[in-house]
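Heads up: the structure comes next, in structure tokens.
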Amino acid sequence: MTDSSPSPDRPAGEHLRERLRLAVALDGTGWHPASWREPDARPAELLTPRYWADLVAEAEAALVDLVTIEDSLSLQTEDRRSPTRDRRTDRVRGRLDAVLVASRIAPLTRHIGLVPTAVVTHTEPFHLSKAIATLDYVSGGRAGVRVQVAPWPREAALFGRRDFPALSYDDLATPEAQQLIRDSFDEAADYVEVLRRLWDSWEDDAEIRDVATGRFIDRDKLHYIDFQGRWFSVKGPSITPRPPQGQPVVAALAHRSVPFELVGRSTDLGFVTPQATEDVAPILAEIRRAQRAAGRDAETVHVLGDVLVVLGETEQAARDRLARLDEAAGPDFAGLTSDALVFTGTPAGLADLVADWHAAGLSGVRLRPAVLPDDLQQITRAVVPELQRRGLFHDSYEAETLRGLLGLTRPANRYAATA
Amino acid sequence: MTEKQKKQIHLAAHFPGVNNTTVWSDPASGSHIEFSSFVEFAQTAERGRFDFMFLAEGLRLREQAGKIYDLDVVGRPDTFTILAAIAAVTDHLGLTGTINSTFNEPYEVARQFASLDHLSGGRAAWNVVTSWDAFTGENFRRAGYLPQSERYERAKTFLRTATELWDTWRGDEILADKESGRFLATPTPGAFEHHDSQFDIAGQFNVPRSPQGRPVIFQAGDSDEGREFAASSADAIFTRHSWLEEGKAFYADVKGRLAAYGRRRDDLLILPAATFVIGDTDEEAAELAREVRLAQVSPATAIKFLEQLWNRDLSDHDPDGPLPTVDPLESDELIAKGRASARSHGDRLEQANRWRAIAAEKGLSTREVIVEVTGRQSFVGSPETVATTIDEFVQADAADGYILVPHITPGGLAPFVDKVVPILQERGVFRTEYDGTTLRDNLGLRPRSAAAQPTEAAS
């Protein structure tokens, strides 16, 4: 894709080093399994729009660039890959469709990016494409989508259309599992390709309303996408005109080489999980390599480091909070672990870490609050001011769209005839 | 009418769609895709105390003679996503979405409707439709052309399966008791297994019971099978029969089918789609209606209509000349694709001869015939006349109310809301305030009882 127009949203006189980008990952009552038992947690309100509106308003007041909203097709469980049911009654269970939550919140917010999670393994790219295009319309250009693969038997059984083998964590190194992972991400790449082609399947000026000839559209500016791949084919064009951003932001979470490739070849935004600053460079190298291999050198792919945060006014206070949460999580709970680094400390300490990662080459971080709203409020009221003091984070929203906040231009339409 | 208690009228608003009913060429016509149009439309309907708004859907852009149809409005938003956003800018208005049972899976649709019902505080409704051709299937991974005979079977099974999923949660599973640490009252909420020829699925549904338990169910088919499906499973039926006599016949027929399913007459509402033109006087409205019809049937549109019935290329035909002398082409291959009406022409020659007879009798050109025989407005007149007619039709059991389809986006509903609604309210046949919180309340439907199934299913 080439950029056809200068970003109207780019601030003048920007520093050479781009400002840090900050995302917050929303999931239930927070990322600690006992978060729902905290005094300020609102576990009985998870299915109400007010709950999500309050959280996103809190993030927006602190100029957070975007929120992600987690999702899954199956009921939450301790191990998503396991084919057997989790019978726990002491964890948050039940959730709403994340795309619809984002859409419900969109009219109540003005600047913040909204990036719901969507499973791509079982769903229809045609439906998701128009859903995210519509989210882009209702939010005035603030939509993104985080694509997630789910090649697990529990998910597959909900649709009854495909079979996937049951794999334990130990099986992941087997050739069969590696092939399954490779295939799942290849399918995700095809899926993203279809999303993107459908978003471009209408040129921006396709609607002409030419009363003289009676034509509402110039149909030469609508395009069949004619996608044919291993898993699906899609004809197009979309039933929804090209969204305000042209291309809403596509994101993915990636832990290893195969998903790093997806980030590099298909997305605008990757979430990665370094455990320490020295992990950043090799992760970025893999993603940039994939980006080059896909011929996307000229495009911006932002990479944000994920951190699960347990914050306190002092280090001791943070550790005490975590200890209390771990204890509330039950006698069988061995302590909080995560795919992402767990940071337990002060807002200033977190700002140090974020600054280090930013200096190491990440565009910023996606913070996963251990408890909502507690850790979100620490982020918005203490971490953000600290980052602003250090000159790393913006003092006002400088753009109207999510692409604008990420410094991405509005891309030219791949199907538009070049003059 | 004697002292019999008058029926309360139900009113709903259909967001102008992709048919020639919508006059996009009018200078007052706004965007069909910008959110501001949906906000204005929905808030106008809510200001008028309407029961709900209604969105149609088509999953492939229409084509005629192999080309994308360009004379009507083209393009619309995703149904679920736009309804969730409209929920944020309205408080009472029901949100009815048309969702296809052919190109979706029950688990996903059940999840989206349950989510929409939560996010709207109990205002979700589903107009269940089936699809008609492989043409649409080309946009989907499941593709899946279904023979006509299997479509209702799939729709029925789809709805039954979705209902099973909604009913897996009874509403008392979430304790969220911080003190004891029990979030759930039961270890396997949402457990289900469904195995039949269409769907072979199992697991745990992951959206807890929504305010309405399940969305209000609409059915839109007109065939015998469609009526039977509505009588067995729907809460409301969306019909095309807005005229008095055919409306009464349809009403009596469908209501008469309810008893066989153990349902009461008021368990299913009959809501025809209806267009309207309002003027200060009946004469002014009639004149306006003629202008609207001419705008709806441009010369180019007249030819396209002609081709749809004749099922052949008539692009060289003069719209201001007489109807073609050549006869329609009977073929399974239709010139118009992605259009339900193209299939419902029945015997093409018979209908063409009917048009010819009308043309001969009244001395009409091709375009004038089309104006005469297609899409005449349901209610035309002064506010007083329109209110009176609607009231009479409803009290005469031609309908329980109407789903109004304005011809201008988004402002076309306002004249009805501002001028007709107050008269209906004055007569005591339409609400002045919402008296409930859910769509089911708006429609006066009995609450659905919570599911009888145990949540502790075998695992």
Considering (1) at pLDDT 95 or above; (2) part of a helix (DSSP H, G or I), say which one residue A:140 fails and leave the rest. (2)
Considering residues that are of a type in the set (Gly, Ala, Ser) and outside any helix (DSSP H, G or I), the number found within the stretch A:344-369 is 5
Across the stretch A:16-48, the tally of residues that are among the aliphatic types (A, V, I, L, M) and touching a Phe, Trp or Tyr at 6+ places or on another chain (Cβ under 7 Å) stands at 2
Is at least one residue of the stretch A:160-170 touching a strand residue (DSSP E or B) at 6+ places or on another chain (Cβ under 6 Å) and surrounded by fewer than 22 Cβ atoms within 10 Å (Cβ to Cβ)? yes
Consider the stretch A:248-301. How many of its residues are polar (S, T, N, Q), surrounded by 19 or more Cβ atoms within 10 Å (Cβ to Cβ) and over 27 Å from residue A:198 (Cα atoms)? 1
Out of the stretch B:254-278, which residues are crowded, with 20+ Cβ neighbours inside 10 Å and either within 21 Å of residue B:13 (Cα to Cα) or at pLDDT below 95 (or both)? B:268, B:269, B:270, B:271, B:272, B:273, B:274, B:275, B:276, B:277, B:278
Number of the condition not met by residue A:138 [criteria: (1) crowded, with 24+ Cβ neighbours inside 10 Å; (2) in contact with a Gly (Cβ under 7 Å, 6 or more places away or on another chain)]: (2)
If you take the residues of the stretch A:58-80 that are assigned to a helix (DSSP H, G or I) and touching a helix residue (DSSP H, G or I) at 6+ places or on another chain (Cβ under 7 Å), which of them is surrounded by the most Cβ atoms within 10 Å (Cβ to Cβ)? A:59
In this structure, does residue B:199 turn out to be surrounded by 22 or more Cβ atoms within 10 Å (Cβ to Cβ), under 30 Å from residue B:254 (Cβ atoms) and touching a residue at least 40 places away in the same chain (Cβ under 8 Å)? no
Looking at A:336, A:341, A:350 in this structure, which one is in contact (Cβ under 8 Å) with a residue 12 or more places away in the chain, more than 22 Å from the chain's Cα centre (by Cα) and within 25 Å of residue A:304 (Cα to Cα)? A:336
Which of the residues belonging to the stretch A:223-258 are on the phi > 0 side of the Ramachandran plot and within 14 Å of chain B (Cβ to nearest Cβ)? A:226, A:236
Of the listed residues (B:56, B:65, B:42, B:114), the one being more than 7 Å from every other protein chain (Cβ to nearest Cβ) and either without any contact (Cβ under 8 Å) to a residue 24 or more places away in the chain or on the phi > 0 side of the Ramachandran plot (or both) is B:65
If we keep just the residues of the stretch B:345-383 that are touching a residue at least 60 places away in the same chain (Cβ under 8 Å), out of contact with any strand residue (DSSP E or B) (no Cβ under 6 Å at 6 or more places or on another chain) and polar (S, T, N, Q), which is farthest from residue B:312 (Cα to Cα)? B:382
The one condition residue A:225 fails out of (1) closer than 30 Å to residue A:34 by Cα; (2) crowded, with 22+ Cβ neighbours inside 10 Å is (1)
Can you name the residue in the stretch A:89-126 that is charged (D, E, K, R) and either part of a loop (DSSP other than H, G, I, E, B) or more than 7 Å from chain B (Cβ to nearest Cβ) (or both) and is also surrounded by the fewest Cβ atoms within 10 Å (Cβ to Cβ) among such residues? A:110
Filtering strands (runs of 3 or more DSSP E) wholly in the stretch B:155-240 for at least 3 residues that are among the hydrophobic types (A, V, I, L, M, F, W, C) and within 13 Å of chain A (Cβ to nearest Cβ) gives B:174-177
When the stretch B:68-86 is checked residue by residue, the ones that are farther than 15 Å from residue B:305 by Cα, in contact with a Ser or Thr (Cβ under 7 Å, 6 or more places away or on another chain) and facing chain A (nearest Cβ under 7 Å) are B:73, B:75, B:76, B:77, B:78, B:81, B:82, B:84, B:85
Those residues of the stretch B:68-88 that are touching a residue at least 40 places away in the same chain (Cβ under 8 Å) and part of a loop (DSSP other than H, G, I, E, B) come to a total of 8
Tally of residues being among the basic types (Lys, Arg) and touching a Ser or Thr at 6+ places or on another chain (Cβ under 9 Å) across the stretch B:33-67: 2
Tell me, which residue of the stretch A:191-211 that is within 12 Å of another protein chain (Cβ to nearest Cβ) and in contact with a Pro (Cβ under 8 Å, 6 or more places away or on another chain) is surrounded by the fewest Cβ atoms within 10 Å (Cβ to Cβ)? A:207
With the condition kept exactly as written, say whether any residue in the stretch B:89-96 is facing another protein chain (nearest Cβ under 7 Å), in contact (Cβ under 8 Å) with a residue 40 or more places away in the chain and assigned to a loop (DSSP other than H, G, I, E, B). yes
Give me the residue from the stretch B:129-172 that is charged (D, E, K, R), under 23 Å from residue A:157 (Cα atoms) and surrounded by 18 or more Cβ atoms within 10 Å (Cβ to Cβ) and, out of that set, nearest to the chain's Cα centre (by Cα). B:156
Only one of these is assigned to a helix (DSSP H, G or I), in contact with a Leu (Cβ under 7 Å, 6 or more places away or on another chain) and closer than 17 Å to residue B:68 by Cα: B:300, B:352. Name it. B:300
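The values are calculated or read from the model by the stated rules, or taken from the named source; none is laboratory data. Note that this is a predicted model, so its numbers are computed, not measured. Cβ sites come from the backbone with ideal geometry, for glycine too, and all protein chains shown count toward neighbours.
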